[in-house]
Amino acid sequence: AKSGLFTMGTDRLTVKRVIAEHNGQWGIAQEHSTRGVFRNNTARSNGDAGLFLANNVKAEQGAKDSKGAVIDHNRLEDNRIGITVRRLRNLAVTRNYVTGNCAGVFVVGDENKPRAGALVVSDNLVDRNNKYCPKTARLPYLKGSGIVLTGTEKALVTRNRVTGHTGKSPLSGGIVLFKSFVGATSEKNRITGNRLADNSPADLVNQEATKTGNAFTGNA
(Lines give C-alpha, C1' and ligand atoms only; values in the text may rest on other atoms or scores of the structure.)
Protein backbone atom coordinates (compact mmCIF):
# COMPACT_ATOMS: atom_id res chain seq x y z
CA ALA A 1 0.00 0.00 0.00
CA LYS A 2 2.95 2.36 0.54
CA SER A 3 6.58 1.72 -0.46
CA GLY A 4 8.25 -1.23 -2.12
CA LEU A 5 11.56 -0.60 -0.34
CA PHE A 6 12.02 2.07 2.33
CA THR A 7 15.22 2.95 4.21
CA MET A 8 15.85 5.48 6.99
CA GLY A 9 18.87 6.53 9.03
CA THR A 10 21.43 4.67 6.93
CA ASP A 11 24.97 5.45 5.79
CA ARG A 12 26.62 3.95 2.66
CA LEU A 13 23.62 1.74 1.91
CA THR A 14 23.55 0.29 -1.62
CA VAL A 15 20.32 -0.67 -3.37
CA LYS A 16 20.90 -2.38 -6.71
CA ARG A 17 19.08 -4.64 -9.17
CA VAL A 18 15.75 -4.22 -7.37
CA ILE A 19 12.46 -4.24 -9.28
CA ALA A 20 9.83 -2.17 -7.45
CA GLU A 21 6.45 -2.04 -9.16
CA HIS A 22 2.76 -1.40 -8.43
CA ASN A 23 3.33 0.09 -4.95
CA GLY A 24 0.80 2.60 -3.64
CA GLN A 25 3.31 5.38 -2.89
CA TRP A 26 7.04 5.09 -3.63
CA GLY A 27 8.86 2.32 -5.41
CA ILE A 28 12.22 2.83 -3.65
CA ALA A 29 12.57 5.54 -0.99
CA GLN A 30 15.08 6.88 1.53
CA GLU A 31 15.18 9.59 4.21
CA HIS A 32 17.55 10.76 6.98
CA SER A 33 20.46 9.04 5.25
CA THR A 34 23.88 9.73 3.75
CA ARG A 35 26.05 8.33 0.95
CA GLY A 36 23.35 6.03 -0.42
CA VAL A 37 23.89 4.38 -3.81
CA PHE A 38 20.89 3.45 -5.98
CA ARG A 39 22.07 1.70 -9.13
CA ASN A 40 20.58 -0.53 -11.86
CA ASN A 41 17.11 -0.64 -10.32
CA THR A 42 13.73 -0.59 -12.06
CA ALA A 43 10.75 1.26 -10.56
CA ARG A 44 7.55 0.93 -12.52
CA SER A 45 3.86 1.87 -12.06
CA ASN A 46 4.15 3.27 -8.53
CA GLY A 47 1.61 5.73 -7.11
CA ASP A 48 4.09 8.55 -6.46
CA ALA A 49 7.81 8.59 -7.26
CA GLY A 50 9.57 5.54 -8.60
CA LEU A 51 12.70 6.59 -6.73
CA PHE A 52 12.37 9.09 -3.85
CA LEU A 53 15.15 10.61 -1.72
CA ALA A 54 14.44 13.20 0.98
CA ASN A 55 15.86 14.73 4.13
CA ASN A 56 12.71 14.13 6.16
CA VAL A 57 9.40 12.89 4.84
CA LYS A 58 7.13 14.57 7.40
CA ALA A 59 8.92 17.49 9.12
CA GLU A 60 9.66 20.95 7.70
CA GLN A 61 13.47 21.17 7.79
CA GLY A 62 16.36 22.57 5.79
CA ALA A 63 18.08 20.49 3.12
CA LYS A 64 20.37 17.74 4.39
CA ASP A 65 23.87 17.12 3.02
CA SER A 66 23.65 13.62 1.56
CA LYS A 67 27.49 13.50 1.45
CA GLY A 68 27.53 12.25 -2.11
CA ALA A 69 24.50 10.02 -2.66
CA VAL A 70 24.26 8.55 -6.17
CA ILE A 71 21.20 7.68 -8.30
CA ASP A 72 22.70 5.99 -11.35
CA HIS A 73 21.64 3.76 -14.25
CA ASN A 74 18.06 3.19 -13.06
CA ARG A 75 14.96 2.72 -15.19
CA LEU A 76 11.88 4.68 -14.07
CA GLU A 77 8.65 4.27 -16.01
CA ASP A 78 4.89 4.71 -15.60
CA ASN A 79 5.14 6.32 -12.13
CA ARG A 80 3.66 9.65 -11.09
CA ILE A 81 7.20 11.07 -11.00
CA GLY A 82 10.24 9.10 -12.12
CA ILE A 83 12.78 10.49 -9.63
CA THR A 84 12.11 12.96 -6.80
CA VAL A 85 14.94 14.55 -4.81
CA ARG A 86 13.45 16.65 -1.99
CA ARG A 87 15.32 18.97 0.39
CA LEU A 88 18.75 17.45 -0.19
CA ARG A 89 22.20 18.72 -1.17
CA ASN A 90 25.38 17.19 -2.56
CA LEU A 91 24.27 14.25 -4.68
CA ALA A 92 24.29 13.08 -8.30
CA VAL A 93 21.44 11.89 -10.53
CA THR A 94 23.19 10.35 -13.53
CA ARG A 95 22.63 8.05 -16.52
CA ASN A 96 19.05 7.10 -15.71
CA TYR A 97 16.34 6.25 -18.25
CA VAL A 98 13.14 8.04 -17.31
CA THR A 99 10.08 7.52 -19.53
CA GLY A 100 6.29 7.33 -19.46
CA ASN A 101 5.79 9.06 -16.10
CA CYS A 102 3.69 12.19 -15.52
CA ALA A 103 6.97 14.00 -14.79
CA GLY A 104 10.51 12.75 -15.24
CA VAL A 105 12.84 14.24 -12.61
CA PHE A 106 11.83 16.61 -9.79
CA VAL A 107 14.36 18.49 -7.61
CA VAL A 108 12.31 20.10 -4.86
CA GLY A 109 13.15 22.75 -2.27
CA ASP A 110 11.32 25.44 -0.33
CA GLU A 111 11.94 28.37 2.01
CA ASN A 112 13.77 26.32 4.66
CA LYS A 113 17.53 26.83 5.09
CA PRO A 114 19.84 25.52 3.88
CA ARG A 115 18.17 25.39 0.50
CA ALA A 116 17.93 22.27 -1.63
CA GLY A 117 20.55 22.18 -4.35
CA ALA A 118 24.32 22.06 -4.89
CA LEU A 119 23.74 18.83 -6.80
CA VAL A 120 24.18 17.42 -10.31
CA VAL A 121 21.61 16.05 -12.75
CA SER A 122 23.59 14.76 -15.72
CA ASP A 123 23.68 12.32 -18.64
CA ASN A 124 20.09 11.15 -18.19
CA LEU A 125 17.71 10.14 -20.99
CA VAL A 126 14.35 11.73 -20.12
CA ASP A 127 11.80 10.86 -22.78
CA ARG A 128 8.03 11.32 -23.26
CA ASN A 129 6.84 11.67 -19.69
CA ASN A 130 3.33 12.49 -20.82
CA LYS A 131 1.10 10.54 -18.46
CA TYR A 132 -1.60 12.64 -16.73
CA CYS A 133 -1.70 12.97 -12.93
CA PRO A 134 -4.26 15.16 -11.12
CA LYS A 135 -3.25 18.09 -8.92
CA THR A 136 -2.41 17.70 -5.22
CA ALA A 137 -2.29 20.10 -2.27
CA ARG A 138 1.30 20.98 -3.23
CA LEU A 139 1.39 20.76 -7.02
CA PRO A 140 -0.78 21.51 -10.05
CA TYR A 141 -1.66 18.62 -12.31
CA LEU A 142 1.32 16.97 -13.98
CA LYS A 143 1.72 16.08 -17.64
CA GLY A 144 4.62 16.49 -20.00
CA SER A 145 7.41 17.53 -17.62
CA GLY A 146 10.99 16.44 -18.24
CA ILE A 147 13.33 17.84 -15.56
CA VAL A 148 11.84 20.32 -13.05
CA LEU A 149 13.76 22.46 -10.55
CA THR A 150 11.52 24.11 -7.98
CA GLY A 151 12.86 26.11 -5.03
CA THR A 152 16.39 24.89 -5.80
CA GLU A 153 19.76 26.67 -5.75
CA LYS A 154 23.16 26.00 -7.37
CA ALA A 155 22.11 22.84 -9.19
CA LEU A 156 23.97 21.80 -12.33
CA VAL A 157 21.80 20.23 -15.04
CA THR A 158 24.06 19.09 -17.85
CA ARG A 159 24.45 16.65 -20.76
CA ASN A 160 20.89 15.34 -20.45
CA ARG A 161 18.79 14.27 -23.44
CA VAL A 162 15.22 15.52 -22.92
CA THR A 163 12.69 14.72 -25.64
CA GLY A 164 9.04 14.43 -26.54
CA HIS A 165 7.23 16.09 -23.64
CA THR A 166 3.92 17.83 -24.21
CA GLY A 167 1.40 19.36 -21.82
CA LYS A 168 -0.30 22.52 -20.64
CA SER A 169 0.47 22.28 -16.92
CA PRO A 170 2.52 25.20 -15.48
CA LEU A 171 5.25 22.58 -15.04
CA SER A 172 5.16 21.24 -18.61
CA GLY A 173 8.25 21.47 -20.82
CA GLY A 174 11.66 19.94 -21.33
CA ILE A 175 13.73 21.51 -18.51
CA VAL A 176 11.62 23.76 -16.27
CA LEU A 177 12.50 26.26 -13.52
CA PHE A 178 9.54 27.09 -11.32
CA LYS A 179 8.89 28.61 -7.90
CA SER A 180 8.10 26.16 -5.11
CA PHE A 181 4.53 25.81 -3.88
CA VAL A 182 5.33 28.32 -1.09
CA GLY A 183 6.90 30.77 -3.56
CA ALA A 184 10.59 30.01 -2.92
CA THR A 185 12.58 30.90 -6.02
CA SER A 186 15.05 28.75 -7.93
CA GLU A 187 18.37 30.62 -7.92
CA LYS A 188 21.91 30.33 -9.32
CA ASN A 189 21.21 27.10 -11.20
CA ARG A 190 23.17 26.21 -14.35
CA ILE A 191 21.46 24.47 -17.24
CA THR A 192 24.21 23.77 -19.73
CA GLY A 193 25.13 21.39 -22.55
CA ASN A 194 21.77 19.59 -22.72
CA ARG A 195 20.16 18.26 -25.91
CA LEU A 196 16.42 18.86 -26.16
CA ALA A 197 13.81 18.23 -28.84
CA ASP A 198 10.04 18.18 -29.35
CA ASN A 199 9.04 19.51 -25.94
CA SER A 200 5.94 21.70 -25.55
CA PRO A 201 5.31 24.47 -24.62
CA ALA A 202 9.12 24.77 -24.93
CA ASP A 203 12.37 22.86 -24.55
CA LEU A 204 13.59 25.30 -21.89
CA VAL A 205 11.09 26.99 -19.57
CA ASN A 206 12.21 29.65 -17.08
CA GLN A 207 9.31 30.90 -14.98
CA GLU A 208 11.60 32.71 -12.54
CA ALA A 209 12.45 36.40 -12.32
CA THR A 210 15.37 37.61 -14.42
CA LYS A 211 17.52 38.50 -11.40
CA THR A 212 17.72 35.07 -9.76
CA GLY A 213 21.08 34.25 -11.37
CA ASN A 214 19.99 31.16 -13.30
CA ALA A 215 22.08 30.51 -16.41
CA PHE A 216 21.15 28.68 -19.61
CA THR A 217 24.23 28.10 -21.78
CA GLY A 218 25.30 25.80 -24.61
CA ASN A 219 22.05 23.85 -24.90
CA ALA A 220 20.98 22.46 -28.27
Rounded FRET efficiency, nearest 0.05, which uses the C-beta distance separating residue 154 from residue 12 and R0 of 25 Å
0.50
Take residue 1 and residue 215, extend 7 Å from each Cα along the Cα→Cβ direction, and tell me the distance between the two endpoints in nm.
5.0
Matching label for the computed volume of the Cα convex hull per residue in Å³, out of [x] 141; [y] 95; [z] 149, is [y]
Surpassing 32 Å at the alpha-carbon level, of the pairs 16/211; 16/168; 2/168; 67/168, are 16/211; 16/168; 67/168
What FRET efficiency comes out for residue 111 versus residue 192 if R0 is 25 angstrom and r is the Cβ-Cβ distance? Round to the nearest 0.05.
0.40
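Taking the mean number of other Cβ atoms within 10 Å as a proxy for protection, how do you rank 9-21, 157-169 from highest to lowest? Can you show the working numbers first?
On the way: 9-21: 13.7, 157-169: 20.5.
Descending mean neighbour count gives 157-169, 9-21.
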Tally up the carbon and sulfur contribution to the accessible surface of the stretch 12-131 as a whole percent, 1.4 Å probe, everything protein left in place.
46
Cβ neighbours within 10 Å, averaged per peptide: list 129-139, 193-203 in order, most packed at the top.
193-203, 129-139
Quick one: check the C-alpha center-to-center distance for the stretch 143-220 versus the stretch 16-30, whole angstrom.
26
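Give me the percent relative contact order of the stretch 3-159, please, defined on Cα pairs under 8 angstrom at least 6 residues apart. Before the final figure, lay out the partial values.
Details: 528 pairs, mean separation 27.2, N = 157.
Here the relative contact order equals 17 percent.
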What whole-number value in Å² describes the accessible area per residue of the chain for a 1.4 Å probe?
42
Protection proxy ranking of 43-53, 90-100 - average other beta-carbon atoms within 10 Å, highest first:
43-53, 90-100
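The values are calculated or read from the model by the stated rules, or taken from the named source; none is laboratory data. Every value quoted in this text rests on a predicted model; they were computed, and no experiment measured them. All Cβ positions, even for glycine, are placed from backbone atoms using ideal geometry, and neighbour counts span all protein chains on display. For the accessible areas, the whole protein counts, side chains as well, though only heavy atoms, and no ligand, DNA or RNA atoms are used. Shrake-Rupley method; radii C 1.70, N 1.55, O 1.52, S 1.80 Å.
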